[in-house]
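Below is one structure, written out as structure tokens; the observations come after it.
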Amino acid sequence: MWESAIAVIGTLAGGLLVTVTQQVTDRRTQREQHRAQVADLVGQLLSAALRYRQLYWLRVDALRAGEPDPVGRADFYQARSDVTEARDRLALVVTDETLLRAAGRAAWSALDLSEIDPGLPEDGRYAPEVEARLDAARERSRDAHTALRQAATGYGTRAAPGRVVDSRSDST
């Protein structure tokens, strides 16, 4: 009788172990797939923001050089939509506030460039206050780009079980 009871307990324990192992493996696979999806979405946002910034600076530099605007209106609007779409897609997948704040700053620091109307340059330069605004905006957008990349890199470790997250580590 004891042999039968031990056999039944062993069988049940083995089944439980297989179930628990499968669940742990499934969760690990899901976390890895989620991290890969987040990395891809962040990459799309970084690329879209970079493309928008590139078009803006091409426009500014062409005007500075007295050349016609090389950027078509439709291309500029599409680039703006690409930034918005990439940010929104990331927001649908991620709940991490640090990453979402960094994504918003990266998107808006690029899109806000178009709020700077440089006017007409004289001798290849804009007015000093415009040049200062352009320089500040360029640095802001670069810094936001870097901050998003860093937030995405730290995303997997912030969400790790058992890890204490210090909210003061968000330096931006």
Q.
Please go through (1) modelled with pLDDT under 95; (2) touching a His at 6+ places or on another chain (Cβ under 7 Å) for residue 46 and return the number of the only condition it doesn't satisfy.
A. (1)
Q) So how many residues does region 105-114 have that are surrounded by fewer than 16 Cβ atoms within 10 Å (Cβ to Cβ) and either over 24 Å from the mean Cα position of the chain (by Cα) or modelled with pLDDT of 95 or more (or both)? A) 1
Q.
Just the residues that are surrounded by 11 or more Cβ atoms within 10 Å (Cβ to Cβ) and modelled with pLDDT under 65, please, taken from region 119-159.
A. 158, 159
(Q) For region 97-107, which positions are touching a residue at least 12 places away in the same chain (Cβ under 8 Å) and farther than 11 Å from residue 38 by Cα? (A) 98, 101, 102, 103, 104, 105, 106, 107
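Rundown of residues vs (1) of a type in the set (A, V, I, L, M, F, W, C); (2) out of contact with any helix residue (DSSP H, G or I) (no Cβ under 7 Å at 6 or more places or on another chain), yes/no style:
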site	(1), (2)
41	yes, no
49	yes, no
64	no, yes
73	no, yes
77	no, yes
83	yes, no
89	no, no
102	yes, no
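The values are calculated or read from the model by the stated rules, or taken from the named source; none is laboratory data. Everything numeric here is computed off the predicted structure, so don't read it as measured data. Reconstructed Cβ throughout: ideal geometry from the backbone, glycine too, with neighbour counts over all protein chains shown.
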